[in-house]
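Some notes on the structure that comes next.
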Amino acid sequence: MSRKIFVNLPVKDLDRSVDFFTKTGFEFNPQFTDENASCMVVSAENFVMLLVEPFFQSFSKKDITDTAQSSEVIVALSADSREEVDELVDRALANGAATHGDPQDQGPMYGRSFRDLDGHIWEVMWMDPAALEG
């Protein structure tokens, strides 16, 4: 059985976050969605659980990171092309995300980053498969 990953992120307004990520191009699994959480499908093996802050807090005794002041994690996603990097990040920006840093163009690697509505950092990267081979 292949291993799956579920990244859990706290959000202030679940409906607003689901709307943002839907407009950015992601789908949600209704089987794992209620008033406290929603399961965003990244791929067949990767998911992001958006949890309202009080529900998220029930899983940890630590404070929720203030994303305006600190970074706790950068969620990195692969893309199939440079164009897909730009399309996904541009959709996120058009729907309220903020740019995070400058685009990274290192020839066989290209990436851009954004901060979502709750300040979580998302990095979208493309790597040239030919460069990986040799």
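The values are calculated or read from the model by the stated rules, or taken from the named source; none is laboratory data. All values derive from a computational prediction rather than experimental measurement. Note that each Cβ is placed from the backbone with ideal geometry, even for glycine, and that neighbours are counted across all protein chains shown.
Please work out which one of (1) within 12 Å of the chain's Cα centre (by Cα); (2) closer than 16 Å to V124 by Cα is the condition H100 fails and give its number.
(1)
If I ask for residues that are part of a helix (DSSP H, G or I) and closer than 27 Å to L93 by Cβ, which ones from the stretch 1-35 would you list?
Matches in the stretch 1-35: L14, D15, R16, S17, V18, D19, F20, F21, T22, K23, T24.
Residues to consider are V89, V75, V85; find the one that is more than 28 Å from S2 (Cα to Cα) and hydrophobic (A, V, I, L, M, F, W, C).
V89
Residues in the stretch 6-54 that are touching a residue at least 60 places away in the same chain (Cβ under 8 Å), within 19 Å of V73 (Cα to Cα) and not β-branched (V, I, T): how many?
5
May I ask you to say which residue of G96, G134, G119, G107 is at positive phi and modelled with pLDDT under 95?
G107
Among the numbered conditions (1) surrounded by fewer than 16 Cβ atoms within 10 Å (Cβ to Cβ); (2) among the small types (G, A, S); (3) touching a strand residue (DSSP E or B) at 6+ places or on another chain (Cβ under 6 Å), tell me where S43 comes up short.
(3)
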